[in-house]
Amino acid sequence: MLLQTFYRAINHNILNDLFLELFITLGFLLVITKSLFPKRFSLNIKSPNIYIFEYEAQVGQRFSFYNLIHFVIKLAVFVIFFLALIHYYQFMAPINIQPKILISGLFKIFFVYSIIKSLIEIIFTFLIKKNKYLNKIMFIRLAYENYQVFYLYFLAFLIYFLPFHSLLFFYVIVTISTVWLFINLFNLYVSIRKHLDIKKYQIILYLCLSEILPFIVVIGWIIFQIL
């Protein structure tokens, strides 16, 4: 029992160190992005819709430096956000998985998650015979993802260092995060309706396949790993 407690204490300290390293590194990346693209960065975190209107001419530039650096930031932010939730949960139900293995697994699953979303978009636009909309739908989706990432970054920090821990409050955090996710999905739906000539049921199908289904798979993987 004493050995198990000692092992968990070591894991807890390692997790704290790794989280802070990731958080600080991400902070530098966000500052660099803000310095290199001040107007674009500011518009993106204020309003995805204004950003889409302002930079619509750059549709198709998925591999621009701005999008590539945001791809790295997005992966890391998703990792630290779920790391914060897992860290909070382990105060009620200790987890024995090694922090480095956990973080490595989170990076891998979110990388696969991002690739699958892009593949689903390609298949979706092909099936509805709207291939010409592929670049536009990816551009709109990335605008909303980049917007979410900035706020998830700070939310992860707040969750990780909350001074109190209860199972009830954990479920409150998860519920609020889920509601916020669906609000953003609704805004994404409205934006796609506004900018693209796609039927309502097709957009709903797209969101279910490219956003909700992969997300459920990721959550299932995380639960399977920590329980």
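Would you confirm whether any residue within segment 195-207 is in a helix (DSSP H, G or I), under 16 Å from the mean Cα position of the chain (by Cα) and either under 20 Å from Y88 (Cα atoms) or not small (G, A, S) (or both)? Among the residues of segment 195-207, at least one is in a helix (DSSP H, G or I), under 16 Å from the mean Cα position of the chain (by Cα) and either under 20 Å from Y88 (Cα atoms) or not small (G, A, S) (or both), which makes the answer yes. A single member of L142, L85, L102 is within 16 Å of L188 (Cβ to Cβ) and either of a type outside the set (F, W, Y) or surrounded by fewer than 20 Cβ atoms within 10 Å (Cβ to Cβ) (or both), and it is L142. Of all residues assigned to segment 164-173, none qualifies as being within 27 Å of I115 (Cβ to Cβ) and surrounded by 12 or more Cβ atoms within 10 Å (Cβ to Cβ). Candidates are the residues of segment 37-63 that are in a loop (DSSP other than H, G, I, E, B) and of a type in the set (S, T, N, Q); the one that is modelled with the lowest pLDDT is Q61.
Take segment 106-135 and flag every residue that is among the charged types (D, E, K, R) and more than 20 Å from the chain's Cα centre (by Cα). Before you say what the answer is, go through the steps one by one.
Taking segment 106-135 and keeping what is among the charged types (D, E, K, R), we get 108, 117, 121, 129-130, 132.
Across segment 106-135, the qualifying residues are K129, K130, K132.
Note on segment 186-206: residues that are surrounded by fewer than 17 Cβ atoms within 10 Å (Cβ to Cβ) and of a type in the set (A, V, I, L, M, F, W, C) total 5. Within segment 78-93, does at least one residue satisfy the condition of being in contact with a Pro (Cβ under 9 Å, 6 or more places away or on another chain) and at pLDDT 80 or above? Yes, there is a match, as at least one residue in segment 78-93 is in contact with a Pro (Cβ under 9 Å, 6 or more places away or on another chain) and at pLDDT 80 or above. Looking at segment 123-146, can you tell me whether even one residue there is at pLDDT below 85 and at positive phi? There is at least one residue in segment 123-146 that is at pLDDT below 85 and at positive phi.
The values are calculated or read from the model by the stated rules, or taken from the named source; none is laboratory data. Computed from a prediction, not measured in an experiment: that's the story for all the values here. We place every Cβ from the backbone using ideal geometry, glycine too, and count neighbours over all the protein chains shown.
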